[in-house]
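For reference, the structure discussed in these notes is given below.
The values are calculated or read from the model by the stated rules, or taken from the named source; none is laboratory data. Remember, it's a predicted structure, so these values are computed and weren't measured experimentally. Ideal geometry is used to build each Cβ from the backbone, glycine not excepted, and the neighbour counts take in all protein chains shown. Just the protein is used for accessible areas: all its heavy atoms, side chains included, with ligands, DNA and RNA removed. Shrake-Rupley method; radii C 1.70, N 1.55, O 1.52, S 1.80 Å.
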Amino acid sequence: MMSLLTKEQALQKLRQYCVYQERCHAEVIDRLYHFGMKKPEVDEITAILIEENYLNEERFAIQFAGGRFRMKKWGRKKIQYELKAKKLSDYCIKKALAQISDEDYISTLQELAAKKWNDLRRENNLLTKMAKVRDFLLQKGYEADLILDQLQELRKKPEK
C-alpha cells in the first residue's frame, strides 16, 4: 500500500493528535501504520515526537491512571491491566499508580462499596449480597484483600 501522506504531513497530523490529549507510543505507532507509513518512517516520526516532547509515556501513564481513578473510579488492578495492554513499561505503570494516594483510594473503595451495598438493600440473602458487592468491586479493579476488609465493615453496620 502506498503512503497517502508525506512524512511531514503525517508528523503534523500526529502533533495535533498528541496535543489534543496524551497518547502512548502504541497509539501513535498504530496511527502511523494506519496512515500507510513504513517502519523506518514510523520510527523516525516517533523519535521526533518524543524529542519534541509531544510523546512521553510517563506523563501519559500518570494522566491515564489519575483520570481513570477519578472519573471512572477504577481500582489499581484494572488501571495496571489497561496500561500493560497499551504496552507501557513496568516503571511507568508503577510511577502512575504511585500517584494515587492510599487515602483517596480507600475512601473511593468505601464509597463504591457503600453505594452498591445500599443499591442491593432489597437483597435478603447476605451471602448473595456480599458476593454481588465483591464481584462489582473486583470488576472495577480493586484488590481482593481490600474488598474483603470493606465487606466485613459493611456487615457490621446496621441496616437503614
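Each residue of region 45-50 was assigned a 3J(HN,Hα) from its phi angle through the Karplus curve 6.51 cos²θ - 1.76 cosθ + 1.60 (θ = phi - 60°); the sequence is 5, 4, 4, 4, 5, 5 Hz, with glycine and proline shown as x. Spin-label pair Ala114-Ile50: with each label point 7 Å from Cα along the Cα-Cβ axis, the two points sit 4.6 nm from one another. Relative to the longest principal axis of the Cα atoms of the chain, the long axis of helix 57-72 lies at roughly 40 degrees. Applied to region 5-11, the Karplus parametrisation 6.51 cos²θ - 1.76 cosθ + 1.60 on θ = phi - 60° returns per-residue 3J(HN,Hα) values of 10, 6, 4, 5, 5, 4, 4 Hz, with x for Gly and Pro. When +1 charges are put on Lys and Arg Cβ atoms and -1 charges on Asp and Glu Cβ atoms, the dipole computed for region 54-153 relative to its Cα centre reaches about 480 debye. Look at the dipole of the chain built from charges on Cβ: of Asn56, Met71, Leu151, the Cα furthest out on the positive end belongs to Leu151. Radius of gyration over Kirkwood radius for region 53-141, both on Cα atoms: the Rg/Rh ratio is 1.09. Solvent-accessible surface of region 82-160, taken per residue with a 1.4 Å probe and all protein chains present: 67 Å².
Note on region 1-136: dipole from Cβ charges, positive end direction compared against Leu5, Ala113, Ala96; the farthest Cα belongs to Ala113. Thr108 sits among other residues whose Cβ lies under 12 Å from its own Cβ, and their net charge, with Lys and Arg +1 and Asp and Glu -1, is +3.
Rg over Rh for region 121-160 works out to 0.97, using Cα positions for both radii and the Kirkwood form for Rh.
For the chain, pairs of C-alpha atoms spaced more than 23 angstrom apart make up 52 percent of the total. Placing a pseudo-label 7 Å from each Cα along the Cα-to-Cβ vector at Lys94 and Tyr33 gives an inter-label distance of 2.9 nm. Only protein heavy atoms count here; under a 1.4 Å probe, Tyr91 has an accessible surface of about 130 Å². Computed from point charges on the beta carbon alone (+1 for Lys and Arg, -1 for Asp and Glu), the dipole magnitude for region 13-92 about its Cα centre is near 680 Debye. Sites listed here are trypsin sites (Lys or Arg not before Pro) in region 25-64 whose DSSP assignment is loop and whose Cβ has at most 15 other Cβ atoms within 10 Å: Lys38.
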